[in-house]
Amino acid sequence: MSLINPDRIAAWRRSLSQASAKWTHQFKQTDWRHVARTAPGRLKTAGHAHLTAFKARRKRDQWLIGGGAFLLVVGAYALIGFLNGDSSPLKRGKPPTPVGVQAVVEGVFPVLVDGLGTVTARREVVIRTRIDGQLDKVLFQEGQMVKAGDLIAVVDPRVYEAKVMQARGKLEQDQALLKDHRIKLQRYQTLYKQDSIARQDLDSQAALVQQYEGVIAVDKGALDDALTQLSYTQIVAPFDGRLGLRKVDAGNIVKTSDANGIVTLTQIQPIDVLFTIPSEQLPRILARFNAGDPMPVQAYDRNFKNVLATGTLKSIDNVIDATTGMVKLKAEYSNDNNVLFPNQFVNARLEVASIPNAIIAPSNAILRGSQGTYVYVVTAENTVTATPVKLGGVQGNQAEIIEGLAPGATVVIDGFDKLKPGAKVNIVPRTTR
């Protein structure tokens, strides 16, 4: 049965139409010019009174019609709810809360220490010429990997080849003179035995032989120096590494005093990372380092998202920075894929220890309240319980649980804002969230 009587609504509409027609008829029958001439004040009062009465009646009728329509809608909604029975929102109750979950597992929990580090080259040199001259050839490409002994550049060798020839000729000349004086010395010795010459002549010839032997030694030294200078015309890599940008082109005059040199060579295989950690962590690190156990160090990018390389701890500084309370450590990386560059900023993560058979839960499942840390555990009935837990440590997205959870438990990791103990949940796969 409808809550609004259609006959009553029709009566309201007829009453409104009659009142409007009556007022309009009275308004047309009135001689407003006569009224204005005879009673100006009365015109204003009468017109205002008629208008006010009309507005009041019209507003009242509008409220009646609107209220009737509202009651009609409410009645229809109540009737639908009555016919649907238990499907009414009031009867259904609150729907389950969608949540993301993850299982608690047993495994090895790493104890890690993080520090800010800088990649440092094992060796770096500026390759310069060791002689003055014109740079004849440049035999490398910028950024090229080279091996120790590879030819990099050549200085014009002609001047130094001439010096080698001069030194070798002087040596041969003096060697011939020495040979002649040795022959004379043998003859003088024979004549002296025959008492044909004085002892003084024999001694003078022997001294002359020794003099030329000294000249020969000087000549050999000069030849060795000339050969060394000639070898310097070929500039080679002193060790394996990567060449930088070329700083001088072929055809230029290069000198030993040039500060910029020809190119920079950097050893990047292996390469080191120098990083700092709080000194409070030093005792645990020293205990394992001094025992000889390899300690892995992961190098992350600046955002701490991607692992660039994994190396091992190589050395520990012998002092603590009194200003910062930090200590320097150095890790070594093979850098076979050349991902680490000298002076690159990285985040270093040192594994101090590892705890076997640890209970590990996702760190984003850990909540903190007035009673301490707790997690929401999903039961077999798809309800949640707030379970207090005792933490051992947190490393990245993992948390070690000392008390409160067992392996295999399912904990909530997403959707906490609408949860409370005992609430129904709907587990949503993480791949579809």
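The values are calculated or read from the model by the stated rules, or taken from the named source; none is laboratory data. Worth saying up front: this structure is predicted, and the values here are computed from it rather than measured. Cβ sites come from the backbone with ideal geometry, for glycine too, and all protein chains shown count toward neighbours.
Below, the figures for the structure above:
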quantity: Flag for SER354 being free of Cβ contacts under 8 Å to residues at least 40 places away in the same chain and within 30 Å of PRO388 (Cβ to Cβ); calculated: no
quantity: Criterion: surrounded by 14 or more Cβ atoms within 10 Å (Cβ to Cβ), in contact (Cβ under 8 Å) with a residue 12 or more places away in the chain and within 30 Å of ALA406 (Cα to Cα) - qualifying residue of LEU202, LEU112, LEU135, LEU177; calculated: LEU112
quantity: Residues satisfying the stated conditions in segment 389-431, i.e. more than 30 Å from PRO356 (Cβ to Cβ) and assigned to a strand (DSSP E or B); calculated: LYS424, VAL425, ASN426, ILE427
quantity: Some residue of segment 184-194 being buried (at least 17 other Cβ atoms within 10 Å of the Cβ) and not in a helix (DSSP H, G or I); calculated: no
quantity: Criterion violated by TYR374 - all others in (1) in contact (Cβ under 8 Å) with a residue 60 or more places away in the chain; (2) farther than 20 Å from PRO95 by Cα satisfied; calculated: (1)
quantity: Number of the exception - THR129 against (1) within 15 Å of LYS247 (Cα to Cα); (2) touching a helix residue (DSSP H, G or I) at 6+ places or on another chain (Cβ under 7 Å); calculated: (2)
quantity: GLN166 vs. criteria surrounded by 12 or more Cβ atoms within 10 Å (Cβ to Cβ) and in a helix (DSSP H, G or I); calculated: yes
quantity: Residue list for segment 324-381, restricted to those being under 21 Å from GLU403 (Cα atoms), under 24 Å from the mean Cα position of the chain (by Cα) and not in a strand (DSSP E or B); calculated: SER363, ASN364
quantity: Residue tally, condition of a type in the set (S, T, N, Q) and surrounded by 14 or more Cβ atoms within 10 Å (Cβ to Cβ), over segment 138-159; calculated: 1
quantity: Matching entry among VAL346, VAL327 (being closer than 22 Å to THR266 by Cα, of a type in the set (A, V, I, L, M, F, W, C) and in contact (Cβ under 8 Å) with a residue 24 or more places away in the chain); calculated: VAL346
quantity: Some residue of segment 254-265 being aliphatic (A, V, I, L, M), loosely packed, with under 15 Cβ neighbours inside 10 Å and either outside any strand (DSSP E or B) or not assigned by TED's automatic domain parsing to the domain that holds GLU172 (or both); calculated: yes
quantity: Residue in segment 233-253 that is nearest to the chain's Cα centre (by Cα), counting only those that are of a type in the set (Gly, Ala, Ser) and surrounded by fewer than 16 Cβ atoms within 10 Å (Cβ to Cβ); calculated: ALA250
quantity: Odd one out for ILE316, checked against (1) touching a Phe, Trp or Tyr at 6+ places or on another chain (Cβ under 7 Å); (2) surrounded by fewer than 17 Cβ atoms within 10 Å (Cβ to Cβ); (3) within 30 Å of ASP414 (Cβ to Cβ); (4) not assigned by TED's automatic domain parsing to the domain that holds VAL105; calculated: (3)
quantity: Those residues of segment 313-323 which are part of a loop (DSSP other than H, G, I, E, B) and within 22 Å of the chain's Cα centre (by Cα), in sequence order; calculated: none
quantity: Qualifying position, being surrounded by 15 or more Cβ atoms within 10 Å (Cβ to Cβ) and farther than 13 Å from ASP114 by Cα, among LEU308, LEU282; calculated: LEU308
